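Step one of this worksheet: look at the structure below.
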Amino acid sequence: MPALARNDSMKEPTMRTSLWTATRLVVVLTILTGVVYPIAVTALAQTLFAAQAKGSLVRGADGTVVGSRIVGQAFDDPKYFWGRPSATGGGPYNAAASGGSNLGPTNPALIEAIQGRIEALQATDPGNAAPIPVDLVTASGSGLDPHIGPAAADWQVGRVARERGVDEATVRALVGRYTEARTLGLFGERRVNVLLLNLALDDKAAVAQAAADALVTPAATLGGLPERWNATDVP
C-alpha cells in the first residue's frame, strides 16, 4: 500500500508558532481595548457630555469649584437647607467610601439614630409642628444623594426664611425654581438639589428674582404630592 503523501499544512503547530500567534493577539487586543477604545469613549463623552464627563462640577460666583451636582454635601447651618443624612465611612458624604448603614428597619440603633435626627431638626425650628419628611432623617443607600424631596425642602422654608430675614414666599419660590421634574417625566420623583438651592440663597440676584416670582405667582402647595409616611411615624 503506497505511503500517504506528506502534507505540511496538517502538521501540529510548534511552541514557537503558538507563542508568536498569542503574542500578536495580545498586542492587537491591547491596542484596541487599552488605547483605541478608551480614546474613542473619552472623545465621545467630552464632545456630547462635557459637563457630566468632568464630574458635573458646580462653580461658585468666583469660578472656583464648590462641589458636584451629583454628590451631596453636609450642611448644618440653620440658614441653609439641609440634605439627607449620610452614613458613608470616614464622615458624611465621603465619595471614596459610598454606602449605607446596613441597619434593618427594626434595628434599635437605626431607630435611635432617627429619633436623634428628629430631635435635632425640631430643636432648630421648635415652632414647626408639621410632620418631618422621612428623607430628612434617613440616609440613602449610597450616602451621597444630593437631593431631597419637595416636602423636605418645604418643611425647612420657615427656618431658612427666618434665619435670613426674608419672606417665606420668596424662599418657597426659590425652592420651586430648583425643583426638578421626574426623569423623562416618568422615572423617579420630583426632587430638589440641595447644593444648587443653597448657592442660590447666597446669590442676591437669584433671591431678588424669587421675590419677584412670589409676587406674580403664588407658591405651589404640596397637596398634589403622593402621600408618604413621615418621620414622626417612627416607633
By residue number, the members of region 174-197 that are aliphatic (A, V, I, L, M) and surrounded by fewer than 21 Cβ atoms within 10 Å (Cβ to Cβ) are ALA181, LEU184, LEU186, LEU196
Listed by first then second residue, the pairs whose first member lies in region 161-184 and is over 19 Å from ASP202 (Cβ atoms), whose partner is β-branched (Val, Ile, Thr) and outside any helix (DSSP H, G or I), with beta carbons under 8 Å and at least 6 positions apart or on separate chains, are GLU180/VAL192
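Name the residue that is nearest to PHE81 (Cα to Cα), counting only residues in region 104-126 that are among the small types (Gly, Ala, Ser) and under 25 Å from the mean Cα position of the chain (by Cα). Spell out the reasoning first.
Within region 104-126, the first condition is being among the small types (Gly, Ala, Ser), and the residues that meet it are 104, 109, 113, 116, 120, 123.
Next cut, under 25 Å from the mean Cα position of the chain (by Cα) only: 104, 113, 116, 120.
Numbers: GLY104: 28, ALA113: 20, GLY116: 18, ALA120: 14 Å.
The extreme case among them is ALA120.
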Only unsatisfied item for ALA74, checking (1) of a type outside the set (Val, Ile, Thr); (2) touching a Pro at 6+ places or on another chain (Cβ under 8 Å); (3) touching a residue at least 40 places away in the same chain (Cβ under 8 Å), is (3)
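Would you call VAL207 under 22 Å from PHE75 (Cβ atoms) and at pLDDT 95 or above? Step through it out loud before you land on a result.
Working: under 22 Å from PHE75 (Cβ atoms): yes; at pLDDT 95 or above: no.
Spelling it out, it is not the case that VAL207 is under 22 Å from PHE75 (Cβ atoms) and at pLDDT 95 or above.
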Expected output for region 144-157 (first residue farther than 9 Å from ARG190 by Cα, partner polar (S, T, N, Q) and outside any helix (DSSP H, G or I), Cβ below 6 Å, 6+ apart or cross-chain) is LEU144/SER98; PRO146/ASN193; HIS147/ASN193
Checked against (1) modelled with pLDDT of 95 or more; (2) in contact with a Phe, Trp or Tyr (Cβ under 7 Å, 6 or more places away or on another chain), LEU144 satisfies every condition except (1)
Picking from LEU186, LEU201, LEU196, LEU225, the residue that is at pLDDT below 85 and within 28 Å of VAL71 (Cβ to Cβ) would be LEU225
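The values are calculated or read from the model by the stated rules, or taken from the named source; none is laboratory data. Because the structure is a prediction, the values reported are computed rather than measured. Using ideal geometry, Cβ is built from the backbone for each residue, glycine included, and neighbour counts are taken over all protein chains shown.
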